Amino acid sequence: MNNETLKAGLRQVVGESNVIAGPPGGPALVVRPGTTKAMAECLKLFHGQQAPVVTLGGLTGLVHGTHTPSHYFGISTERLNKIESFDPSTRLLVVGAGTKLEAVHNFAADHDLRYGVDLGARGSCTIGGNIATNAGGNSVIRFGMTRSNVVGLEVVLSDGSILTDLRGLPKNNAGYDLKQIFIGSEGTLGIVTKALLKFSRRPAGTASVLLALNHLNSALTVMEALERACGHSLLALEIMWNRYFEKVSTALSEGTPPLAPGHPVYLLAQVEGMDSGEQAVESLVGALEGIDDVIDSALATTPVQESRLWSIRDGSDVIERAHEHVLSFDVSMRPHKYAAYIADVDARLKARLSDAVAYYFGHLADGNIHFMIGHDGSSGATRLIEECVYDPLANYEPSSISAEHGIGREKAAHLWRSRSTAEIAAMNRIRAALDPAGILNPHISYEPKSLDAQYASAR
């Protein structure tokens with residue numbers, strides 16, 4: 001079978017209008033199956049031809065996982081966007097992989113429930129992509145990452161075989177829990193077509209507070225007080241360093257941010273009240289009583305007020321627009337090591353690339369810092385910045401090069417920093433067992449090579 005015969009076969013499966021041109025920087029041709037069966041038939045054709053395939057979701061990923069050579073084929077979950085079924089008695093929802101995260105949140109709200117995973121790209125990212133990357137987001141402290149919120153999956157393997165477990169039994173030790181293999185696998189083991197998600201009771205109200213603090217230690221003091229006083233009612237605890245806060249809050253607040261910029265650290269906390277909104281406010285205010293480290297604060301007790309505060313934390317696109325070139329990073333470590341690590345990275349950047357501008361923010365309680373580093377795009381800048389961010393990680397063990405964004409192409413060259421040779425070998429054995437022809441995302445390599453060799457192959 002040649003390429004033209006393969007394309008003709010794909011058109012026969014999905015229809016002429018669903019074989020389209022691919023996105024910039026990705027495959028030249030994209031197929032859009034509308035059912036699991038059609039997805040399976042497409043993969044059978046790709047498998048028979050040993051054609052390389054990349055799965056496309058909402059295209060909101062931050063690690064270039066869908067950036068491929070043009071001769072690859074893309075297979076999109078865009079049309080797998082239906083809410084299939086809902087069981088109110090178990091609070092379990094079956095959705096297609098192409099369903100937007102925001103649509104799931106809206107469905108949950110319509111039933112006075114909620115879904116535990118939330119992030120700034122909710123309006124464009126898809127459930128399948130969230131599952132493929134094991135997305136985290138703002139509420140990990142309360143609900144865990146995506147794998148904690150997925151009860152079952154339907155997955156198509158590279159040869160077109162379909163694995164379905166949408167039964168939703170809370171206790172089932174009959175063999176391996178296969179869904180966990182696919183969550184976080186970034187499309188290298190199979191393509192998710194449906195997911196069974198769990199909802200929980202929606203709170204009667206929430207309250208948020210933005211705090212200005214003098215030091216990371218003050219943020220850790222506040223974190224300990226909130227965790228002790230609020231327990232499971234603490235929904236989120238986000239940290240922003242001044243450069244990020246000043247840039248984003250000034251841009252979004254038309255010159256009048258909720259707190260004055262210039263303080264070293266800002267903390268944004270959200271608490272829920274299961275019985276009333278007033279309960280949330282009382283819980284939050286009570287937890288902060290007696291803490292002397294707070295310089296200034298802004299309390300939000302209505303959805304509109306909360307939205308204003310959270311728009312700052314979710315406003316990283318302001319940074320993207322402020323610089324011609326921006327590199328994003330997503331590392332994790334113990335929260336009490338943040339200050340030393342950031343100082344380390346800052347010193348390295350100043351010594352090696354003085355024009356680079358670094359913005360820091362992230363999830364305090366989860367031990368996850370996001371870096372956005374603006375630079376001029378000069379030759380070698382990407383490699384220098386990556387070394388400034390990743391080289392110090394070895395001094396802050398345990399640590400990870402990817403807390404929640406995944407590996408993709410961008411971080412494949414650095415996987416050895418967070419995974420041992422034995423772990424990478426085991427990952428490759430699983431991959432070879434489920435995709436022996438190696439057609440799924442072959443551009444993402446998990447080889448434990450030297451750093452220089454990996455740079456040459458990944459660029």
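Descriptive notes on the structure:
- Residue count for region 101-111 satisfying the condition of being surrounded by fewer than 20 Cβ atoms within 10 Å (Cβ to Cβ) and either free of Cβ contacts under 8 Å to residues at least 60 places away in the same chain or out of contact with any strand residue (DSSP E or B) (no Cβ under 8 Å at 6 or more places or on another chain) (or both): 7.
- Number of residues in region 15-51 that are farther than 14 Å from Phe73 by Cα and touching a Pro at 6+ places or on another chain (Cβ under 9 Å): the value is 2.
- Within region 20-60, the residues that satisfy the criterion of being assigned to a helix (DSSP H, G or I), modelled with pLDDT of 95 or more and not small (Gly, Ala, Ser) are Thr36, Lys37, Met39, Glu41, Cys42, Leu43, Lys44, Leu45, Phe46, His47.
- Candidates are the residues of region 406-424 that are more than 14 Å from Gly65 (Cα to Cα) and among the small types (Gly, Ala, Ser); the one that is surrounded by the most Cβ atoms within 10 Å (Cβ to Cβ) is Ser418.
- Tally, over region 243-257, of residues that are without any contact (Cβ under 8 Å) to a residue 60 or more places away in the chain and of a type in the set (D, E, K, R): 2
- Selection status of Ala132, modelled with pLDDT under 95 and more than 29 Å from Leu226 (Cβ to Cβ): no
- If the condition is being part of a strand (DSSP E or B) and touching an Asp or Glu at 6+ places or on another chain (Cβ under 8 Å), then region 330-348 contributes Asp330, Ser332.
- Members of region 315-366 that are loosely packed, with under 14 Cβ neighbours inside 10 Å and among the basic types (Lys, Arg): Arg321, Arg334, Lys350
Every residue, every condition in (1) more than 22 Å from Thr301 (Cα to Cα); (2) free of Cβ contacts under 8 Å to residues at least 60 places away in the same chain; (3) surrounded by fewer than 16 Cβ atoms within 10 Å (Cβ to Cβ); (4) among the hydrophobic types (A, V, I, L, M, F, W, C), yes or no:
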residue	(1), (2), (3), (4)
Asn173	yes, yes, yes, no
Tyr176	yes, yes, yes, no
Gln180	yes, yes, yes, no
Ile183	yes, yes, no, yes
Ala207	no, no, no, yes
Asn217	yes, no, yes, no
Thr221	yes, no, no, no
Leu226	no, no, no, yes
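- Restricting region 71-89 to residues that are touching a residue at least 60 places away in the same chain (Cβ under 8 Å) and assigned to a loop (DSSP other than H, G, I, E, B), the residue that is nearest to Lys7 (Cα to Cα): Tyr72
- The one condition in (1) more than 18 Å from Leu237 (Cβ to Cβ); (2) of a type in the set (Asp, Glu); (3) assigned by TED's automatic domain parsing to the domain that holds Met240; (4) surrounded by 15 or more Cβ atoms within 10 Å (Cβ to Cβ) that Asp293 fails to fulfil: (1)
- Within region 186-219, the set of residues being part of a helix (DSSP H, G or I) and either closer than 30 Å to Asp275 by Cβ or basic (Lys, Arg) (or both) comprises Ala219 only.
- Test: residue in region 2-19 that is assigned to a loop (DSSP other than H, G, I, E, B), under 20 Å from Gly98 (Cβ atoms) and in contact (Cβ under 8 Å) with a residue 40 or more places away in the chain: no
- Check on Thr68, buried (at least 22 other Cβ atoms within 10 Å of the Cβ), in contact with a Lys or Arg (Cβ under 9 Å, 6 or more places away or on another chain) and assigned to a loop (DSSP other than H, G, I, E, B): yes
- With respect to (1) in a helix (DSSP H, G or I); (2) modelled with pLDDT of 95 or more; (3) of a type in the set (A, V, I, L, M); (4) out of contact with any helix residue (DSSP H, G or I) (no Cβ under 8 Å at 6 or more places or on another chain), the lone exception for Ile181 is condition (4).
- Unmet requirement for Gly123, which otherwise passes all of (1) in contact with a strand residue (DSSP E or B) (Cβ under 7 Å, 6 or more places away or on another chain); (2) in a loop (DSSP other than H, G, I, E, B); (3) closer than 21 Å to Gly205 by Cα; (4) not β-branched (Val, Ile, Thr): (3)
- Among the numbered conditions (1) closer than 30 Å to Tyr338 by Cβ; (2) modelled with pLDDT under 95, the only one that Asn172 does not meet is (1).
- Helices (runs of 4 or more DSSP H) contained in region 349-459 and holding at least 2 residues at pLDDT below 90: 451-458
The values are calculated or read from the model by the stated rules, or taken from the named source; none is laboratory data. Given the structure is predicted, the values throughout are model-derived calculations rather than measurements. Positions of Cβ are generated from backbone atoms using ideal geometry, with glycine treated the same way; all protein chains shown enter the neighbour counts.
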